[in-house]
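Just below is one structure, and these are the notes that go with it.
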Amino acid sequence: MWCGGILTRPIFSDILNFRIMQLQTTAIVRDRFQLTIPDLVRVGVDWVTPGSVVTVAQVKADEIVIKPHTAVKKTNWDKLWKSIHLARSHKGAYQGSLSDFINSDRESH
């Protein structure tokens with residue numbers, strides 16, 4: 001299919017009896033490994049904007065996937081420290097330093 005000066009080819013995959021059309025086009029990797037996402041692909045997704053953060057992953061030897069980056073959940077440090085103090089407050093059957101126990105356990109293997 002010819003669209004806007006770019007030769008494209010639709011690829012069809014059967015997934016759970018649904019027909020999904022994937023758009024495939026060609027782009028050139030420039031100096032410093034820069035890649036411009038073609039207009040034909042950009043118009044189909046709303047999360048690609050200038051300055052948007054993406055995750056780039058090599059999934060196969062010959063395949064790279066670009067996805068929108070999802071923010072990592074912020075750590076609630078107060079809750080974490082309270083949980084650590086609670087865990088440390090419980091007394092077990094072992095009488096002695098936990099550090100000494102871990103050290104002796106590691107040396108015995």
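All of the numbers you see were taken from the coordinates with simple rules; none came from a lab. The structure displayed is predicted, hence computed values, not measured ones. We place every Cβ from the backbone using ideal geometry, glycine too, and count neighbours over all the protein chains shown.
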How far apart, in nm, are the 7 Å Cα→Cβ label points at T25 and H90? 5.7
Loop-located chymotrypsin sites (Phe, Trp or Tyr not before Pro) in region 67-108 whose Cβ has at most 10 other Cβ within 10 Å (DSSP): Y94
What are the residues whose amide H is under 5 Å from the amide H of V54, where those residues sit 5 or more places off or on another chain and H is modelled from the backbone? H69
Can you list the HN-Hα couplings for region 47-58, worked out from phi with the Karplus curve (6.51, -1.76, 1.60; θ = phi - 60°), rounded to whole Hz and with x for Gly and Pro? 8, 8, 9, x, x, 6, 8, 10, 9, 10, 10, 8
Gain on full stretching of the segment that runs from A71 to D46 - 0.36 nm per residue minus C-alpha separation: 7.3 nm
